[in-house]
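First up is the structure itself, then whatever we jot down about it.
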Amino acid sequence: MTAPLVPRPSPFQHFGEWFEAARMTDPQPEAAALATVGADGQPSNRLVLVRQWDVRGFEVFTNLRSRKAQEIGEQPRVALTFHWKGAGPARGGRQVRIEGVAEPVSAAESDAYWAARPRGSRISAIASDQSEPIESREALLAKRDALEQRHAEGEDVPRPAHWGGYRIVPLRVEFWQHEDDRYHRRLLYIRSRAGAPWSTAILQP
Ligand SMILES: Cc1cc2nc3c(=O)[nH]c(=O)nc-3n(C[C@H](O)[C@H](O)[C@H](O)COP(=O)(O)O)c2cc1C
(Lines give C-alpha, C1' and ligand atoms only; values in the text may rest on other atoms or scores of the structure.)
Protein backbone atom coordinates (compact mmCIF):
# COMPACT_ATOMS: atom_id res chain seq x y z
CA MET A 1 0.00 0.00 0.00
CA THR A 2 1.19 3.52 -0.74
CA ALA A 3 0.32 6.60 1.33
CA PRO A 4 -3.25 7.99 1.03
CA LEU A 5 -3.78 10.88 -1.38
CA VAL A 6 -4.56 13.65 1.08
CA PRO A 7 -5.90 16.84 -0.56
CA ARG A 8 -3.52 19.79 -0.37
CA PRO A 9 -4.78 23.41 -0.37
CA SER A 10 -4.37 23.45 -4.13
CA PRO A 11 -3.29 21.07 -6.91
CA PHE A 12 -0.23 23.28 -7.48
CA GLN A 13 1.11 22.40 -4.05
CA HIS A 14 0.32 18.75 -4.68
CA PHE A 15 1.99 18.90 -8.10
CA GLY A 16 5.07 20.49 -6.57
CA GLU A 17 5.46 17.64 -4.09
CA TRP A 18 5.02 14.99 -6.75
CA PHE A 19 7.28 16.78 -9.23
CA GLU A 20 10.09 16.96 -6.66
CA ALA A 21 9.68 13.23 -6.01
CA ALA A 22 9.69 12.53 -9.76
CA ARG A 23 12.95 14.43 -10.17
CA MET A 24 14.59 11.82 -7.94
CA THR A 25 13.47 8.88 -10.07
CA ASP A 26 12.68 9.98 -13.62
CA PRO A 27 15.25 11.20 -16.17
CA GLN A 28 12.87 13.72 -17.75
CA PRO A 29 10.03 14.46 -15.32
CA GLU A 30 8.97 17.60 -17.22
CA ALA A 31 7.87 15.59 -20.29
CA ALA A 32 4.10 15.48 -20.71
CA ALA A 33 1.64 14.61 -23.45
CA LEU A 34 -0.23 17.66 -24.71
CA ALA A 35 -3.57 16.95 -26.38
CA THR A 36 -5.28 19.45 -28.63
CA VAL A 37 -8.40 19.21 -30.77
CA GLY A 38 -8.66 20.22 -34.42
CA ALA A 39 -11.51 22.28 -35.83
CA ASP A 40 -12.97 19.01 -37.17
CA GLY A 41 -13.01 17.49 -33.66
CA GLN A 42 -9.98 15.24 -34.30
CA PRO A 43 -7.79 15.05 -31.14
CA SER A 44 -4.01 14.91 -31.50
CA ASN A 45 -1.38 14.32 -28.91
CA ARG A 46 2.37 14.88 -28.63
CA LEU A 47 5.03 15.04 -25.95
CA VAL A 48 6.28 18.45 -24.88
CA LEU A 49 8.48 19.69 -22.07
CA VAL A 50 6.75 21.69 -19.35
CA ARG A 51 9.50 24.21 -18.78
CA GLN A 52 8.04 26.09 -15.84
CA TRP A 53 4.92 26.07 -13.76
CA ASP A 54 3.46 28.10 -10.91
CA VAL A 55 0.03 28.89 -9.48
CA ARG A 56 -0.97 30.46 -12.81
CA GLY A 57 -0.45 27.26 -14.77
CA PHE A 58 1.94 25.09 -16.75
CA GLU A 59 4.15 26.60 -19.48
CA VAL A 60 5.19 24.97 -22.74
CA PHE A 61 7.17 26.55 -25.57
CA THR A 62 6.75 25.80 -29.25
CA ASN A 63 6.43 27.07 -32.78
CA LEU A 64 3.33 29.25 -32.87
CA ARG A 65 2.57 28.14 -36.45
CA SER A 66 2.77 24.41 -35.64
CA ARG A 67 -0.20 22.09 -35.83
CA LYS A 68 -0.66 22.25 -32.07
CA ALA A 69 -0.58 26.06 -32.13
CA GLN A 70 -3.09 26.24 -34.95
CA GLU A 71 -5.37 23.90 -33.06
CA ILE A 72 -5.01 25.90 -29.84
CA GLY A 73 -5.86 29.02 -31.84
CA GLU A 74 -9.15 27.45 -32.85
CA GLN A 75 -9.87 25.58 -29.62
CA PRO A 76 -7.85 26.63 -26.57
CA ARG A 77 -9.15 23.79 -24.38
CA VAL A 78 -6.28 21.31 -24.01
CA ALA A 79 -5.16 18.38 -21.86
CA LEU A 80 -1.71 17.66 -20.46
CA THR A 81 -0.70 14.29 -18.98
CA PHE A 82 2.44 13.46 -17.02
CA HIS A 83 3.57 9.94 -16.19
CA TRP A 84 6.40 9.10 -13.82
CA LYS A 85 7.68 5.60 -13.18
CA GLY A 86 8.36 6.42 -9.57
CA ALA A 87 10.00 4.56 -6.69
CA GLY A 88 9.60 4.36 -2.91
CA PRO A 89 6.24 5.88 -1.90
CA ALA A 90 5.58 6.51 -5.63
CA ARG A 91 6.41 2.94 -6.66
CA GLY A 92 4.33 1.50 -9.45
CA GLY A 93 3.96 4.86 -11.13
CA ARG A 94 2.10 8.13 -10.94
CA GLN A 95 0.02 10.00 -13.46
CA VAL A 96 -1.14 13.63 -13.36
CA ARG A 97 -3.92 14.61 -15.76
CA ILE A 98 -4.49 18.30 -16.34
CA GLU A 99 -7.34 19.81 -18.33
CA GLY A 100 -7.72 23.50 -18.93
CA VAL A 101 -7.31 26.41 -21.26
CA ALA A 102 -4.12 27.41 -23.09
CA GLU A 103 -3.31 31.11 -23.25
CA PRO A 104 -0.21 32.74 -24.78
CA VAL A 105 2.46 33.80 -22.29
CA SER A 106 3.70 37.39 -22.53
CA ALA A 107 6.37 38.34 -25.08
CA ALA A 108 8.68 39.11 -22.15
CA GLU A 109 8.25 35.57 -20.80
CA SER A 110 8.92 34.04 -24.22
CA ASP A 111 11.99 36.27 -24.58
CA ALA A 112 13.28 35.15 -21.19
CA TYR A 113 12.92 31.50 -22.07
CA TRP A 114 14.41 32.02 -25.55
CA ALA A 115 17.43 33.68 -23.97
CA ALA A 116 18.03 30.56 -21.88
CA ARG A 117 18.10 28.25 -24.93
CA PRO A 118 21.48 27.22 -26.35
CA ARG A 119 22.43 28.75 -29.70
CA GLY A 120 21.88 25.47 -31.61
CA SER A 121 18.31 25.22 -30.27
CA ARG A 122 17.60 28.80 -31.28
CA ILE A 123 18.88 28.20 -34.80
CA SER A 124 16.87 24.98 -35.13
CA ALA A 125 13.73 26.70 -33.85
CA ILE A 126 14.09 29.17 -36.71
CA ALA A 127 15.22 26.61 -39.31
CA SER A 128 12.24 24.32 -38.75
CA ASP A 129 8.80 25.33 -40.00
CA GLN A 130 7.43 22.92 -37.44
CA SER A 131 4.70 20.54 -38.65
CA GLU A 132 5.15 21.53 -42.32
CA PRO A 133 6.35 18.99 -44.90
CA ILE A 134 9.80 19.38 -46.48
CA GLU A 135 11.24 17.57 -49.48
CA SER A 136 14.26 16.09 -47.66
CA ARG A 137 16.35 16.17 -44.51
CA GLU A 138 19.14 17.72 -46.58
CA ALA A 139 16.85 20.67 -47.34
CA LEU A 140 16.29 21.20 -43.60
CA LEU A 141 20.03 21.04 -42.88
CA ALA A 142 20.68 23.50 -45.71
CA LYS A 143 18.28 25.93 -44.00
CA ARG A 144 20.25 25.39 -40.79
CA ASP A 145 23.57 26.06 -42.54
CA ALA A 146 22.25 29.27 -44.12
CA LEU A 147 21.09 30.49 -40.71
CA GLU A 148 24.41 29.56 -39.11
CA GLN A 149 26.15 31.75 -41.69
CA ARG A 150 23.71 34.62 -41.31
CA HIS A 151 24.17 34.72 -37.51
CA ALA A 152 27.88 34.89 -36.86
CA GLU A 153 29.18 32.94 -33.85
CA GLY A 154 28.69 34.90 -30.65
CA GLU A 155 26.08 37.15 -32.23
CA ASP A 156 22.55 37.31 -30.80
CA VAL A 157 19.93 35.12 -32.49
CA PRO A 158 16.69 37.00 -31.86
CA ARG A 159 13.44 35.19 -31.07
CA PRO A 160 11.14 35.06 -34.08
CA ALA A 161 7.57 36.27 -33.46
CA HIS A 162 6.28 32.79 -34.31
CA TRP A 163 8.07 31.07 -31.43
CA GLY A 164 6.76 31.38 -27.89
CA GLY A 165 4.94 29.88 -24.98
CA TYR A 166 1.51 28.89 -23.82
CA ARG A 167 0.35 28.71 -20.25
CA ILE A 168 -2.12 25.95 -19.59
CA VAL A 169 -4.46 27.27 -16.92
CA PRO A 170 -5.92 24.20 -15.22
CA LEU A 171 -9.57 23.69 -14.34
CA ARG A 172 -9.22 20.00 -13.54
CA VAL A 173 -6.16 18.20 -12.15
CA GLU A 174 -6.19 14.52 -11.26
CA PHE A 175 -3.47 12.77 -9.27
CA TRP A 176 -3.25 9.03 -9.86
CA GLN A 177 -1.10 6.70 -7.82
CA HIS A 178 -0.58 3.05 -8.68
CA GLU A 179 -1.84 0.63 -6.06
CA ASP A 180 -1.81 -3.16 -5.85
CA ASP A 181 -4.56 -5.18 -7.53
CA ARG A 182 -5.60 -2.08 -9.52
CA TYR A 183 -7.06 -0.35 -6.45
CA HIS A 184 -5.27 2.74 -7.71
CA ARG A 185 -5.72 5.98 -5.83
CA ARG A 186 -7.26 8.91 -7.72
CA LEU A 187 -7.73 12.40 -6.34
CA LEU A 188 -9.40 15.04 -8.49
CA TYR A 189 -9.18 18.81 -7.96
CA ILE A 190 -11.75 20.76 -9.95
CA ARG A 191 -12.80 24.41 -10.23
CA SER A 192 -15.27 26.25 -12.46
CA ARG A 193 -12.87 28.95 -13.69
CA ALA A 194 -9.41 30.38 -13.01
CA GLY A 195 -9.34 31.99 -9.56
CA ALA A 196 -12.36 30.03 -8.28
CA PRO A 197 -11.87 27.77 -5.24
CA TRP A 198 -10.89 24.16 -5.83
CA SER A 199 -13.02 21.27 -4.69
CA THR A 200 -11.81 17.69 -4.50
CA ALA A 201 -13.21 14.23 -5.07
CA ILE A 202 -11.88 10.71 -4.81
CA LEU A 203 -12.50 8.80 -8.03
CA GLN A 204 -12.80 5.06 -8.38
CA PRO A 205 -9.93 3.50 -10.29
C1 LIG B 1 10.31 14.19 -24.84
C2 LIG B 1 9.87 15.15 -25.91
C3 LIG B 1 9.79 16.50 -25.62
C4 LIG B 1 9.38 17.42 -26.59
N5 LIG B 1 9.26 18.73 -26.24
C6 LIG B 1 8.78 19.61 -27.14
C7 LIG B 1 8.53 20.96 -26.76
O8 LIG B 1 8.75 21.36 -25.60
N9 LIG B 1 8.04 21.81 -27.70
C10 LIG B 1 7.76 21.39 -28.97
O11 LIG B 1 7.32 22.21 -29.78
N12 LIG B 1 7.95 20.11 -29.35
C13 LIG B 1 8.44 19.22 -28.47
N14 LIG B 1 8.63 17.91 -28.84
C15 LIG B 1 8.25 17.50 -30.21
C16 LIG B 1 6.73 17.28 -30.24
O17 LIG B 1 6.41 16.01 -29.68
C18 LIG B 1 6.15 17.37 -31.66
O19 LIG B 1 6.80 16.46 -32.52
C20 LIG B 1 6.27 18.76 -32.26
O21 LIG B 1 6.00 19.77 -31.29
C22 LIG B 1 5.31 18.94 -33.43
O23 LIG B 1 3.98 18.73 -33.00
P24 LIG B 1 2.73 19.29 -33.82
O25 LIG B 1 3.03 19.01 -35.27
O26 LIG B 1 1.56 18.49 -33.33
O27 LIG B 1 2.59 20.75 -33.52
C28 LIG B 1 9.05 16.97 -27.90
C29 LIG B 1 9.15 15.61 -28.19
C30 LIG B 1 9.56 14.71 -27.22
C31 LIG B 1 9.62 13.24 -27.56
Whole-Hz couplings from phi, Karplus 6.51/-1.76/1.60, listed for the range 24-37; x for Gly and Pro: 6, 10, 10, x, 9, x, 7, 6, 8, 8, 10, 9, 10, 10
Farthest positive-ward along the chain dipole, Cα basis, beta-carbon charges - from SER136, PRO7, VAL101: PRO7
Per residue solvent-accessible surface (Å²) - the chain, probe of 1.4 Å: 56
Whole-percent carbon and sulfur share, accessible surface of the chain, 1.4 Å: 52
Separation of alpha-carbon centers, the range 85-110 and the range 133-205, rounded to whole Å: 8
Spin-label model distance (nm) - GLN42 vs ASP145, 7 Å beyond Cα toward Cβ: 3.5
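The values are calculated or read from the model by the stated rules, or taken from the named source; none is laboratory data. Fair warning: this is a prediction, and the values are worked out from it, not measured in the lab. As a convention, Cβ positions derive from the backbone with ideal geometry for all residues, glycine included, and neighbour counts pool all protein chains shown. Side chains included, ligands, DNA and RNA excluded: accessible areas come from the protein's heavy atoms. Shrake-Rupley method; radii C 1.70, N 1.55, O 1.52, S 1.80 Å.
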